[in-house]
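Inspection log for the structure reproduced underneath, given as structure tokens.
The values are calculated or read from the model by the stated rules, or taken from the named source; none is laboratory data. Because the structure is predicted, anything quoted here is derived from the model rather than measured. With ideal geometry, Cβ positions are generated from the backbone for all residues, glycine too; neighbour counts draw on all protein chains shown. To get the accessible areas, we keep the full protein, side chains included, count just its heavy atoms, and leave off ligands, DNA and RNA. Shrake-Rupley method; radii C 1.70, N 1.55, O 1.52, S 1.80 Å.
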Amino acid sequence: MTPADVVGSAVANTFRSKTRTILTVLAIFIGAFTLTITTGLGTGINRYIDQTVAEIGAEDVMTVAHQAEETTDDGPREYDPDAVTASGLGADGPGGGGTIDPITDDDLVTIAAIDGVESVEPLKQVSVDYIQHDDGTRYEVSVGSFIPGMELVLASGEQPDPDAAAAQVAIPVDFVEPLGFDSQADALGSEVAFGVADATGVEHVVTVEVVGVSEAGLIGTGNSVSPNTALTDELYAAQATGAIGQTDLYGSAVVTFDPELGETATQALKDDLDEAGFTATTVEDQIGAFQSVIDGIVLVLNAFAVIALLAAGFGIVNTLLMSVQERTREIGLMKAMGMGSGRVFGLFSTEATFIGFLGSAVGVVLGMVAGTAVGDALATTMFADLPGLTLIAFDPTSVASIIVLVMAIAFLAGTIPAGRAARQDPIESLRYE
Amino acid sequence: MSTPVLRVEGLHRAYGRGPTRFEALKGVDVEVRAGESLAIVGKSGSGKSTLMHLLALLDRPTSGSVELNGLPADRLRGRELNRVRNQTFGFVFQQFFLTPSATVLENVILPLKIAGVGRGERKRRGMAVLEQLGLADKAKNKAIDLSGGQKQRVVIARALVNDPQVIFADEPTGNLDTTTGAAVEDLLFGLNRERGITLVVVTHDEELASRCDRRITVRDGRIEASATAPTAAATAAAPGEPGRPTEGVAA
Ligand SMILES: Nc1ncnc2c1ncn2[C@@H]1O[C@H](COP(=O)(O)OP(=O)(O)OP(=O)(O)O)[C@@H](O)[C@H]1O
Ligand SMILES: [Mg+2]
């Protein structure tokens, strides 16, 4: 028999006992369907996280701050007038809080000298008292730290241009109406004013053009406005007016490095910074925690689906054992007519694999349809304020690998009945009643 | 005298082990000559089918030798053995062993499919054989829908499709009424005469046995008697060769 004939015969045999085949396919379908949904969940959430990573900042930067002092056993901390509040990337970012030593100009020189550091910039932290449009109501707002390479998820407009000489800002979508804009389009190109109190308590007003409206994110910009470099500098200058001590002290600095050099180089850089008394956090570090929790949950869900598939595998064993039993004489006849044991094995294992293919193809297709429908429905209801989050998403590789996995399980299950068929003695089989 | 197609010597075949051990064949010598028709007769349970299976290389003897065209058959392994079963032999069984849900044509071309013959060629040869047996109009019918006689003709078509050297038939008419049985017999003997296909027929049927060139009678696992039908003797055995009568071994 040619391989094409083996496949053709196996496919034809699959449909000989329709009810039995359908029931077995159904069992596999359930497993494949579940696996598709759970994998889709992982893909969807991780894709959203990746998108968030892009939003928070580029991959080639890490925030560097002084290490927090050990507070556990050295009693009350002494007051330090120069201490600043540390913050991670973005106003809502995890890992903020706690007072640490500030980064000074000397520190910047030290950091710049460390091997692997391409450039270092102080992270200018600004806080404004309010945001206002056209003498309307004043609202409290936080100002995000601008990190080069950062990309916002925009509802409309453009990204604030880091290189622009003019000050630019993107405001969160939630601020559009309260500030008195009719629509997002109305907000774009308009001016908003920030009130900044300087060190001596004098109020400064900085006006700036709105170039973009940003969506709320999982982490990152959240509900803070996103300035460009020019605006940050302007606000910082206003804030620092009349200050005596803190002018050249920063909470943290942003180090640019080359991520192309790989994990180990990045780790070495972190270690060097650690030795010099700094903690360095890459975007990955921050996101990694999220991602590993999600991956863990998805792994558990996938494990359940795989258990369902294994159960379905026994269904295949059962179905094909029955089929081998029923076709004993046919197998005997084929062997008497010179069909080799290998081909007989091939015939039955192909049949098992084909059943696996049927179940997984149907499961994957329906799983994608159902997953997409549920994901879309949730995106507009439960996750309406997390735009861009499609809870269940699919990528071709993972979908294809589900089908391949199920077919592999089916093939393995099929080896038991196929082996039995291959070992059958032609005479015994022909005598079989 | 040309070498016989098949020759077996001192053939023993035992089933089971220990106390349940049963010797179905207890030392059998048989020769099957090219182009002859040989009947194997005997009482039920005497070992006829066992002998036929050994001749057809479907089974291996416990002891004794089987030669195919003068070469020891136990040298044939795996692929070669399968080639012989597929191309040299054709089988007609008492039970039809047709795949009921498959069409008549699909059943007939099964040996070609096993041999790896291409689709078009398969169909052509299958249809030619069915034509020959007057079943061309049934080619697309399901095998299960045929009458007994038609089924037996399909089985013969299947045995013929690979153009075999020897056809083995185990009670080919056992399942058929007299008239249909006679038609099937005519068909088999026609093939024997016209195409020189060697026939080995296991039967209970005295009438069928008497139409064969030669008959051997099996009793309790031994050859009891070998007779040459008077009319066919000249053609079956070469002059001067008494047909090497495979005498029964004394009990
Ligand atoms: N697989 C087996 N195991 C044990 N005994 C067997 C087996 N196959 C055949 N036999 C025994 O061998 C003997 C010969 O069997 P065989 O089928 O050759 O008889 P037969 O002459 O063809 O009979 P029938 O005319 O009824 O078909 C019988 O007694 C049978 O019970
Ligand atoms: Mg028999």
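Tabulated data
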{"item": "Per residue accessible area in Å² of the range A:303-433, where ligands, DNA and RNA are left out and the probe is 1.4 Å", "result": "44 Å²"}
{"item": "C-alpha center-to-center spacing [the range A:359-433, the range B:84-127] in angstrom", "result": "36 Å"}
{"item": "Neighbouring partner chain Cβ atoms per residue of A:328-336, average, 10 Å criterion", "result": "5"}
{"item": "Length-normalised contact order for the range B:1-151 - Cα pairs under 8 Å, 6+ apart - percent", "result": "20 percent"}
{"item": "Solvent-accessible area buried by A and B, counting both chains, probe 1.4 angstrom, square angstrom", "result": "1900 Å²"}
{"item": "Antiparallel DSSP beta bridges within chain B, percent to nearest 5", "result": "55 percent"}
{"item": "Principal axis dimensions, largest first and in whole angstrom, of the protein assembly as shown by Cα", "result": "137, 54, 40"}
{"item": "Shielded by partner chains, the range B:84-100 residues - at least 20 Å² of accessible area, 1.4 Å probe, vs chain alone", "result": "B:Arg85, B:Phe91, B:Phe93, B:Gln95, B:Phe97, B:Thr99"}
{"item": "Of the DSSP H helices in chain A, those whose Cα atoms cover at least 27 Å axially and whose Kyte score averages -0.5 or more", "result": "A:18-56, A:283-326, A:341-380, A:396-423"}
{"item": "DSSP-defined antiparallel bridges as percent of all bridges, the protein assembly as shown, nearest 5", "result": "70 percent"}
{"item": "Within the accessible area of chain A (1.4 Å probe), percent carbon and sulfur", "result": "59 percent"}
